[in-house]
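The values are calculated or read from the model by the stated rules, or taken from the named source; none is laboratory data. On a predicted model such as this, the values are computed, not experimentally measured, just so you know. Neighbour counts are summed over all protein chains in view; Cβ atoms, including those assigned to glycine, are modelled from backbone coordinates with ideal geometry.
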Amino acid sequence: MAIAIDGENLKIEDVHRAARLREKVEIPAPVRGKVEANQRLVERLVQEGQALYGITTGIGEFSKIMISKEQSEELQKRIVYSHAAGTGNIASPEWCGLGCSCGRM
């Protein structure tokens, strides 16, 4: 049985099963629906030109600066890249596997 990521019931044992035993991870349909609804909301607010921290604005000291839709797409990539660098020791295969499992959901 797949490990359900529903935002309410995840236990450390589930994380262990996903990371070390490489059990399948899934997002249940009702939760996917909520995520998709939130995505539509964000997309609508972007189209309306609303200020959304880190989406239509810069981050940190640049949070008062509005950015274009094109810049927003680039910013999202750069935020991920900036958090992916300088992690210290090389991550174990288990941690990498867990990250990949979450990325495949």
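Taking Ala18 as the residue in question, decide whether it is at pLDDT 90 or above and assigned to a helix (DSSP H, G or I). Give the steps one after another, and end with the answer.
On the way: at pLDDT 90 or above: no; assigned to a helix (DSSP H, G or I): yes.
No, not satisfied.
Taking only segment 61-78 into account, find how many residues are surrounded by 13 or more Cβ atoms within 10 Å (Cβ to Cβ) and of a type in the set (A, V, I, L, M, F, W, C).
Qualifying residue count, segment 61-78: 3.
For (1) touching a residue at least 40 places away in the same chain (Cβ under 8 Å); (2) surrounded by 12 or more Cβ atoms within 10 Å (Cβ to Cβ); (3) out of contact with any Leu (no Cβ under 8 Å at 6 or more places or on another chain), each residue gets a yes or a no:
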{"site": "Leu21", "(1), (2), (3)": "no, no, yes"}
{"site": "Pro28", "(1), (2), (3)": "no, yes, yes"}
{"site": "Lys34", "(1), (2), (3)": "no, yes, yes"}
{"site": "Val42", "(1), (2), (3)": "no, yes, no"}
{"site": "Gln47", "(1), (2), (3)": "no, no, yes"}
{"site": "Leu52", "(1), (2), (3)": "no, yes, no"}
{"site": "Ile59", "(1), (2), (3)": "no, yes, no"}
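Across segment 79-95, which residue is modelled with the lowest pLDDT among those that are closer than 26 Å to Gly54 by Cα and loosely packed, with under 10 Cβ neighbours inside 10 Å?
Residues of segment 79-95 closer than 26 Å to Gly54 by Cα: 79-88.
The next check asks that each one be loosely packed, with under 10 Cβ neighbours inside 10 Å; those that pass are 80-81, 83-88.
Details: Val80: 80, Tyr81: 80, His83: 72, Ala84: 70, Ala85: 66, Gly86: 65, Thr87: 61, Gly88: 75.
Within segment 79-95, the match that is modelled with the lowest pLDDT is Thr87.
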